[in-house]
Amino acid sequence: MSITKLGIVGSGIMGSGIAEVAAKAGVEVLLRSRQQSTADAMLTGLEKSLAKQVERGKLDEQVAKEVSARVSATDDLHALHDCDLVLESVVEDLAVKRELFTRLDDILKPEAILASNTSTLPLVELAMATERPDMVVGIHFFNPAPMMSLVEVIAPLTASEASVAAAKEFASACGKDVVEVKDRAGFVVNALLFPYLNNAVRMLEAGTATRDDIDTAMKGGCNFPMGPLALLDLVGLDTSLSILDALYEEFRDPNYAALPLLRRMVAAGHLGRKSGAGFYDYQKK
Ligand SMILES: NC(=O)c1ccc[n+]([C@@H]2O[C@H](COP(=O)([O-])OP(=O)(O)OC[C@H]3O[C@@H](n4cnc5c(N)ncnc54)[C@H](O)[C@@H]3O)[C@@H](O)[C@H]2O)c1
């Protein structure tokens, strides 16, 4: 099945990035947010991002116009009814996603594929919340979606080969390198990355080194583009905590047990870049 119209549900960091990627690949995109004001703000954000790329000579002006003309926004879930693929990218919470999948299953045409951008949650649980478990897969983009070259396609036990193939074809058409992964918490990347990120928080809490020294050490010593604490801020501390909790729930490995510092920061609303404060301060001076 070829994907010509994509629905994206969720207007956070990932939803907008994926919209840009898909629209650049020639796909018509309909973004759905719970509030029209947020949906409209996403369109404005996309236009700003495209204008910056034109300014820097990275994108042709005419192409930018065509890309933005392919994206529209709505607050109405029913407006997604004729999409070939709907990719959900709302908060990393199984109950919220399950409910959304049940609603989308009622709304979408029977041949539409339903996908989640979840970082860790069991895809089979989302599949079983629908009457089309064979057509539910994971399509996991990375942050920021326009820059990161990888997509993990996750095939739950219930998925048909055709659905998995269509998801892979879509991600490839978006210009991404695709890997297929079994439905296990964290898939490949986050299952390997999060013990490292979590242990950086442990080190900070133990006073082994300062925030800046931990990040400087991993950049200079491993040639990583950013340190672990800056990366946690980029991912979002609430999303990171949900990822660790899902990994711990599945594997009971102490390396996945979230540190109290991370939990307290989330409770305090310090969510990283998106809230203006995390391990670093992002308030505009
Ligand atoms: N942040 C990352 O680095 C990253 C990378 C890859 C995948 N993901 C995954 O993408 C998804 C979204 O993450 P994000 O970083 O964009 O999050 P975010 O916090 O930026 O945005 C979450 C979105 O969910 C919406 N939302 C919250 N509660 C809701 C509810 N009850 N019903 C419907 N919508 C609700 C919010 O309004 C917001 O638009 C998650 O599943 C996350 O695991 C995140």
| request: Only one of these is free of Cβ contacts under 8 Å to residues at least 40 places away in the same chain, in contact with a strand residue (DSSP E or B) (Cβ under 9 Å, 6 or more places away or on another chain) and of a type in the set (Val, Ile, Thr): 44, 74, 38. Name it. | output: 38
| request: Could you pull out the residue among 237, 229 that is touching a Phe, Trp or Tyr at 6+ places or on another chain (Cβ under 7 Å), buried (at least 21 other Cβ atoms within 10 Å of the Cβ) and in contact (Cβ under 8 Å) with a residue 40 or more places away in the chain? | output: 229
| message | Quick check on residue 261: is it part of a helix (DSSP H, G or I), within 14 Å of residue 198 (Cα to Cα), within 16 Å of the ligand (Cβ to nearest atom) and not acidic (Asp, Glu)? | response | no
| remark: Of 245, 212, 233, the only residue that is touching a strand residue (DSSP E or B) at 6+ places or on another chain (Cβ under 8 Å) and not in a strand (DSSP E or B) is 233
| task | Could you please find all residues in region 9-63 being more than 16 Å from the ligand (Cβ to nearest atom) and either surrounded by 15 or more Cβ atoms within 10 Å (Cβ to Cβ) or hydrophobic (A, V, I, L, M, F, W, C) (or both)? | result | 23, 24, 25, 27, 28, 47, 50, 51, 53, 54, 59, 63
| query | Counting only residues that are of a type in the set (A, V, I, L, M) and part of a strand (DSSP E or B), which one in region 64-76 is farthest from the ligand (Cβ to nearest atom)? | reply | 71
| note | For region 64-85 the number of residues that are closer than 18 Å to residue 6 by Cβ and either under 20 Å from the mean Cα position of the chain (by Cα) or open to solvent by less than 40 Å² (accessible area, probe 1.4 Å) (or both) is 13
| task | Please go through region 183-198 and pick out each residue that is open to solvent by less than 50 Å² (accessible area, probe 1.4 Å) and not small (Gly, Ala, Ser). | result | 183, 187, 189, 190, 193, 194, 195, 197, 198
| said: Condition first: assigned to a strand (DSSP E or B) and either of a type in the set (Asp, Glu) or modelled with pLDDT under 95 (or both). Now tell me which residues in region 138-174 satisfy that. | reply: 152
| field | Output for region 152-182, where each listed residue is acidic (Asp, Glu) and open to solvent by less than 40 Å² (accessible area, probe 1.4 Å) | value | 152
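The values are calculated or read from the model by the stated rules, or taken from the named source; none is laboratory data. Quantities reported herein were computed from a predicted structural model and do not represent experimental measurements. Glycine also receives a Cβ, built like all others from the backbone with ideal geometry; neighbour counts cover every protein chain displayed. To get the accessible areas, we keep the full protein, side chains included, count just its heavy atoms, and leave off ligands, DNA and RNA. Shrake-Rupley method; radii C 1.70, N 1.55, O 1.52, S 1.80 Å.
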